[in-house]
Amino acid sequence: MALTTAPDPTRRTGSVPTPADRRGVGRTRHGDGPAGYVFLSPWLLGLMAVTAIPMLLSLYLSFTNYDILTPFSEVEWVGFANYERMFTADPSYWHSVRVTLTFALVAVPLKLAAALGVALLLNRAWRGVGLFRGLFYLPSLLGGSVALAIVWVNMFNREGAFNSLLAVFGIQGKPWVNDPDWALETLMVLAIWQFGAPMVIFLAGLKQVPTELYEAASVDGAGKWRQFVAVTLPMLSPVIFFNLVLETINGFQGFTAAFVLSNGTGGPVDSTLMYTLNLYITGFTNLEMGYASAMAWVFLLAIAIITAIFFSTGRFWVHYSDGEDR
């Protein structure tokens, strides 16, 4: 005879939560809210004190004649006079725009090309390849440090190491950092030399390219160059896009090397007068903080427009592995 056990009325069956369970979950989630805001409070306070409030204040100052030494109570509202002066009556402003555009248009593509080339060379299972990756990345760790800029200036002055190297081959050097025709180029070389960060990102992207694609291309008779054009570049297009956006923004923000090379003047003959350096001189040397604030906001809008152009045109050449272009 089969024995049957009566169901225990106190035992729950199924996975549907009871109303009491739901109330418990709700209380737990609501209880976590204040704790989350407590942990976020240092970041929120920093955002407000260091970023949001100073930005709003600079927007207000861009419509005034504030000069740092004048109390806020005596600041005069001048409307769009700063912006009108910037676009119509300040030749140094447009000169700094040309210098910055020249720097970014030359240095950024060459830096990305150098990063991609070295990444392709280091994307192999060589003995000691990790050491070479670290050595190539090392200059990027120094970033825009003043010490690195000082070393660079000493390397490219008349008695520097670069001219000593040229002398070995019988080539007479020149004071590169003091020559208006070459001062900006020395800054470009410094920027290109610091290709370690995009190189590491390119290496990570190369590791994600399926080897089956290269094998299929090789079977079809594609050589190394054809594989690079037809396989590597399309598969790396999201990484190229990412590096392009970041390095373009960094290129427009160049300041430290230009400041050190020119002793804060943008020389020789304003050849290294980058936009950010001109903004610094306007605000902290000429004490025209209202005008400098207007320059900063125009710079912010220009960077935003350039970034928006990248994102709007990226869907035509950026291809993702899921087959969807964004």
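Couple of notes before you dig in:
- Criterion applied to 204, 147, 216 was being assigned to a helix (DSSP H, G or I) and within 22 Å of residue 255 (Cβ to Cβ), and the one residue passing it is 147.
- If you filter region 114-154 down to residues that are without any contact (Cβ under 8 Å) to a residue 12 or more places away in the chain, under 18 Å from residue 207 (Cβ atoms) and not hydrophobic (A, V, I, L, M, F, W, C), you find that the one that is most open to solvent (accessible area, probe 1.4 Å) is 124.
- Of all the numbered requirements in (1) assigned to a helix (DSSP H, G or I); (2) on the phi > 0 side of the Ramachandran plot, residue 264 misses one, and that requirement is (1).
- Matching residues, region 155-178, being exposed (fewer than 13 other Cβ atoms within 10 Å of the Cβ), assigned to a loop (DSSP other than H, G, I, E, B) and among the hydrophobic types (A, V, I, L, M, F, W, C): 169, 171
- Residue check for residue 193: under 27 Å from the mean Cα position of the chain (by Cα), more than 30 Å from residue 122 (Cα to Cα) and either among the acidic types (Asp, Glu) or open to solvent by 70 Å² or more (accessible area, probe 1.4 Å) (or both): no
- Only one of 279, 287 that is outside any helix (DSSP H, G or I), of a type outside the set (Val, Ile, Thr) and closer than 26 Å to residue 92 by Cβ: 287
- Scanning region 249-273 for residues that are of a type in the set (A, V, I, L, M, F, W, C), farther than 16 Å from residue 91 by Cβ and buried (at least 23 other Cβ atoms within 10 Å of the Cβ) yields 257, 258, 261.
- Whether a residue is closer than 14 Å to residue 296 by Cα, modelled with pLDDT of 90 or more and surrounded by 15 or more Cβ atoms within 10 Å (Cβ to Cβ) was assessed, and residue 66 does not pass this test.
The values are calculated or read from the model by the stated rules, or taken from the named source; none is laboratory data. Model, not experiment: these values are computed from the prediction. Note that we place each Cβ from the backbone using ideal geometry, even for glycine, and neighbour counts take in every protein chain shown. What goes into the accessible areas is simple: the full protein's heavy atoms, side chains included, and nothing from ligands, DNA or RNA. Shrake-Rupley method; radii C 1.70, N 1.55, O 1.52, S 1.80 Å.
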